[in-house]
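Peer 1: First, the structure itself, so that you have it in front of you.
The values are calculated or read from the model by the stated rules, or taken from the named source; none is laboratory data. None of these values were measured; they are calculated from a predicted model. Every residue, glycine as well, gets a Cβ built from its backbone with ideal geometry; the counts of neighbours run over all protein chains shown.
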Amino acid sequence: MNNNYDKFSEYYDIYTSFVDYELWSKYIYSLANKDLNNKNILDLGCGSGEMLLCIDDMTNANLYGVDISEEMLSIADQNAFFENKHLNLIKCDMSKFTCDIKFDLIYCACDSMNYLLNEDDFTDTLNNAYEMLNENSIFTFDIINKDYIETNDDFTYENIDFIIKRKKEENYLYTNIKVYEDKKEAENISHIQRLYSVEKIIDIYDKTKFDDISFHDFLTTKGIKKTSDKIQIILKKY
């Protein structure tokens with residue numbers, strides 16, 4: 001799994017400041033379709049912990065977050081401290097993460113699954129999630145809709161400018177982000193994501209023990225639209 005977010009961590013919460021984490025977290029929580037009070041919830045690729053902190057407002061659950069970036073986990077820990085909340089944070093490549101704890105909801109947000117460039121890593125992530133889930137529970141994640149990709153997404157926040165360039169080549173998306181503070185370049189990072197088709201996801205699903213799979217338009221339970229930038233996938237363990 002490629003990781004350039006250690007060096008970008010200082011700007012990550014600003015970069016994602018437009019994201020409605022409250023709406024998104026309520027959506028993920030609703031997909032579980034059960035009471036999660038006093039249950040265990042796992043966020044794979046938790047980043048700065050914003051999604052977990054929003055979920056904490058909805059339920060008295062035990063919250064766990066896994067991320068490959070030590071710097072991002074440090075920010076997640078700070079964010080939890082400032083809100084007087086507690087997150088169980090673990091540094092690990094999510095494709096290799098396993099534990100003896102059983103979860104009633106596992107999710108992966110912000111197209112983090114697309115950072116798994118190797119199909120075996122993708123399959124391992126699903127298999128590990130299955131083993132960590134209780135019965136009648138789900139693993140849900142979103143992926144980039146490979147048929148709908150915006151190439152440029154520049155924006156300014158106070159004195160900080162973000163210049164984002166994206167380029168699609170076959171089954172990969174290359175993204176470059178330049179950060180300018182007071183018009184001076186402060187950071188320049190690039191990362192790669194693999195674009196998975198619905199057909200490829202089904203092929204991978206067939207290699208797992210999950211009992212059911214469904215595909216949805218992002219933030220809904222309806223079918224996929226070609227104009228959607230993300231696809232939500234729900235894997236069920238009965």
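Peer 1: I need a count of the residues in region 16-66 that are surrounded by fewer than 22 Cβ atoms within 10 Å (Cβ to Cβ), among the small types (Gly, Ala, Ser) and assigned to a strand (DSSP E or B).
Peer 2: Residues flagged as surrounded by fewer than 22 Cβ atoms within 10 Å (Cβ to Cβ), among the small types (Gly, Ala, Ser) and assigned to a strand (DSSP E or B) within region 16-66 amount to 0.
Peer 1: Only residues that are farther than 23 Å from Glu170 by Cβ and in contact with a Lys or Arg (Cβ under 7 Å, 6 or more places away or on another chain): list them for region 190-224, please.
Peer 2: Scanning region 190-224 gives Phe210, Asp211, Asp212, His216, Asp217, Phe218.
Peer 1: Within the bounds of region 125-132, is there any residue that is among the hydroxyl-bearing types (Ser, Thr, Tyr), touching a residue at least 60 places away in the same chain (Cβ under 8 Å) and touching a helix residue (DSSP H, G or I) at 6+ places or on another chain (Cβ under 6 Å)?
Peer 2: Within region 125-132, not a single residue is among the hydroxyl-bearing types (Ser, Thr, Tyr), touching a residue at least 60 places away in the same chain (Cβ under 8 Å) and touching a helix residue (DSSP H, G or I) at 6+ places or on another chain (Cβ under 6 Å).
Peer 1: Return the only residue of Leu105, Leu117 being surrounded by fewer than 22 Cβ atoms within 10 Å (Cβ to Cβ) and of a type in the set (A, V, I, L, M).
Peer 2: Leu117
So that you can scan it fast, the table gives a plain yes or no per residue for (1) outside the structural domain of Asn118 (by TED's automatic domain parsing); (2) within 16 Å of Met113 (Cβ to Cβ); (3) small (Gly, Ala, Ser):
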residue: Glu169; (1), (2), (3): yes, no, no
residue: Leu173; (1), (2), (3): yes, yes, no
residue: Tyr180; (1), (2), (3): yes, no, no
residue: Glu185; (1), (2), (3): yes, no, no
residue: Lys200; (1), (2), (3): no, yes, no
residue: Asp203; (1), (2), (3): no, yes, no
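Peer 1: Then there's this: Under 7 Å between Cβ atoms, at least 6 apart or on separate chains: pull out the pairs that start in region 197-225 with a residue that is farther than 13 Å from Ile138 by Cβ and end on any residue that is exposed (fewer than 12 other Cβ atoms within 10 Å of the Cβ).
Peer 2: Once the first residue is farther than 13 Å from Ile138 by Cβ and sits in region 197-225, its partners that are exposed (fewer than 12 other Cβ atoms within 10 Å of the Cβ) give Asp217/Gly223.
Peer 1: Looking at (1) among the β-branched types (Val, Ile, Thr); (2) within 15 Å of Asn62 (Cα to Cα); (3) in a loop (DSSP other than H, G, I, E, B), find the lone condition where Thr98 falls short.
Peer 2: For Thr98, the failing item is (2).
Peer 1: Right, Asp6: in contact (Cβ under 8 Å) with a residue 12 or more places away in the chain and assigned to a helix (DSSP H, G or I) or not?
Peer 2: yes
Peer 1: Report, by residue number, each residue of region 176-223 that is in a strand (DSSP E or B), of a type in the set (Asp, Glu) and at pLDDT below 95.
Peer 2: Matches in region 176-223: Glu181, Glu185, Glu187.
Peer 1: Working carefully through the options Ile138, Ile90, Ile106, Ile143, find the one that is assigned to a strand (DSSP E or B) and either without any contact (Cβ under 8 Å) to a residue 40 or more places away in the chain or small (Gly, Ala, Ser) (or both).
Peer 2: Ile90
Peer 1: With respect to Met72, is the statement that it is assigned to a helix (DSSP H, G or I), touching a Cys at 6+ places or on another chain (Cβ under 9 Å) and farther than 24 Å from Leu133 by Cα true?
Peer 2: So Met72 passes the test.
The rows are residues; the columns are (1) closer than 17 Å to Ser9 by Cα; (2) among the β-branched types (Val, Ile, Thr); (3) in contact with a Leu (Cβ under 6 Å, 6 or more places away or on another chain).
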residue	(1), (2), (3)
Leu53	no, no, no
Asp57	no, no, no
Ala61	no, no, yes
Tyr64	no, no, yes
Ser69	yes, no, no
Ile75	yes, yes, no
Asn84	no, no, no
Ile90	yes, yes, no
